[in-house]
Amino acid sequence: MLKPRLIPSLLIEDGLVVKTIKFKNARYIGDPINTVNIFNKKEVDEICIFDISTTRNNLEPNYKLIETIASQSRMPICYGGGIKTVEQAQKIFNLGVEKIALSSILFTNIDLVNEISQQVGSQSVVLVIDVKKKLLGDYEIFINNGTKSTKIDLVDFLKKIKDLQFGEIIVNNIDLDGTEKGYDFGLIRKVFQYTSKPVTILGGAGSLEDVKKIYKEFKIIGAAAGSLFIYKGKLKAVLINYPTKEIKNKLYD
């Protein structure tokens, strides 16, 4: 049975953990292995790791880094970055990753979704959709780490993919990335209206109260965040954190 999930989202750039604001101005956070080991001790539900170097530089996934992270992690891992073929996806699964995330490739080879799902099962394939809100309230999809507009409306795309074989959608509001202003409820409502797949929302979480608010309205949803689990206090000191099991359970009440 599906249940709410609280998910740290880590960005990897050139082999290091970074944090962005609106997909820009990447700030160095630390070593990914150390970061994963800290989350291990905090009994995290699962973790998303996105390598933003791969798309920017048109590189293959960093298999050595993925293997090291997977060997250290006691949490389920969702990895995204540079996956363009079934063979690459299969290699990543063989390294110990539970889910792979597809994003920019969806707009050049959408058939890859079903091709990978047929090899490993649809529950292991996650679609990541990065969006910006337009003036009239609609949402436009961007790719290549938020640098290129597809000119495609979110709702149109959700309708297009409804029959594809995949297990989950992660929707990220680019304009809220790193701002800690709270999740975009209008965006979440729109996504829930047009998909029956499990949804994870990313972008804007600044407190556990933000998480509790979306659990209260949407019940079964993944709440992903970067800054919330990386920074502490108004000065944004780097301190990897995650709520205890007791505190986390109170969020679901």
| said: Between LYS99, LYS42, LYS19, where does the largest GNM mean-square fluctuation fall for the chain, given springs only between Cα atoms within less than 10 Å? | reply: LYS42
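What does the charge add up to near PHE50, with Lys and Arg as +1, Asp and Glu as -1, over the other residues with Cβ less than 13 Å from its Cβ?
Local net charge: -1.
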| message | Which of the three applies to the stretch 5-251, rounded, prolate or oblate, going by the alpha-carbon gyration tensor with a ≥ b ≥ c and a/c under 1.5 meaning rounded? | response | rounded
| remark: Under the 7 Å Cα-to-Cβ spin-label approximation, GLN165 and LYS250 lie apart by a distance in nanometres of 4.5
| remark: Row for the stretch 118-253, column shape: gyration tensor on C-alpha, a ≥ b ≥ c, rounded if a/c < 1.5 i.e. under 1.5, prolate if a/b over b/c, else oblate; value prolate
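Okay, helix-only estimate at 222 nm for the chain: each DSSP H run of n ≥ 4 adds -39500 (n - 2.57), divide by all residues, round to 500 deg cm²/dmol; what do you get? Don't skip to the answer; put the middle values down first.
On the way: 10 runs with 84 residues, N = 253.
That comes out to -9000 deg cm²/dmol.
DSSP loop GluC sites (Glu not before Pro) in the stretch 15-89 with at most 13 other Cβ atoms within 10 Å of their Cβ, which ones? All intermediate terms of the calculation are to be shown ahead of the outcome.
Values: sites: GLU43, GLU46, GLU67, GLU87; in loops: GLU43, GLU46.
Passing sites in the stretch 15-89 are GLU43.
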| field | 15 Å reach of a label modelled at ILE33, 7 Å along Cα-to-Cβ, counting backbone N of the stretch 56-77 | value | 63-74
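Values quoted throughout were computed directly from the atomic coordinates according to the rules given, and no laboratory measurement underlies them. None of these values were measured; they are calculated from a predicted model. So basically every Cβ, Gly included, is an ideal-geometry build from the backbone, and we count neighbours across all protein chains shown.
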